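Contents: one structure, followed by commentary.
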Amino acid sequence: MADTSLPILTHNVHPFDARGVAKRFRHAAIFGALSALQPGETMRFCNDHDPLPLLQQLQGHFGDQIEFEYLSRQPGEIVIDFHIVS
């Protein structure tokens, strides 16, 4: 099994480890980071829990401009790629 604590990075994939951001700042930081991405770029998001309410908020805000894909759903190690598509 791959070590999800050290994600493999490729071109246009930018890491964002929410585990190091104070909880009260997390959503604002995530929205800001995603807003800074260009089409074709990806943010690799790591977190300690599955952020289901956040995913709904992001879908409502970004609509069809964002897609997400789980790379890991292990307890304590959630890894999601957020792709900016247009």
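The values are calculated or read from the model by the stated rules, or taken from the named source; none is laboratory data. Everything numeric in this text was worked out from a predicted model, so none of it was measured. Cβ placement follows ideal geometry from the backbone for every residue including glycine, while neighbour counts extend to all protein chains displayed.
Cβ separations smaller than 9 Å between residues 6+ apart or across chains give the following pairs from the stretch 13-37 residues that are touching a residue at least 60 places away in the same chain (Cβ under 8 Å) to residues that are surrounded by 14 or more Cβ atoms within 10 Å (Cβ to Cβ): V13/P7; V13/E41; V13/T42; V13/M43; V13/R44; V13/D81. Within the option set S35, S72, S5, being at pLDDT 95 or above, small (G, A, S) and surrounded by 12 or more Cβ atoms within 10 Å (Cβ to Cβ) holds for one residue only, S72. Conditions: (1) part of a helix (DSSP H, G or I); (2) at pLDDT 95 or above; (3) of a type outside the set (V, I, T). R26 meets all but one. Number of the miss? Of everything listed in (1) part of a helix (DSSP H, G or I); (2) at pLDDT 95 or above; (3) of a type outside the set (V, I, T), R26 misses just condition (2). Among the residues examined, F45 does not qualify as out of contact with any strand residue (DSSP E or B) (no Cβ under 6 Å at 6 or more places or on another chain), on the phi < 0 side of the Ramachandran plot, modelled with pLDDT of 95 or more and not aliphatic (A, V, I, L, M).
The residues of the stretch 32-49 that are part of a loop (DSSP other than H, G, I, E, B) and either under 8 Å from the mean Cα position of the chain (by Cα) or within 19 Å of Q74 (Cβ to Cβ) (or both), listed by number, are D48, H49.
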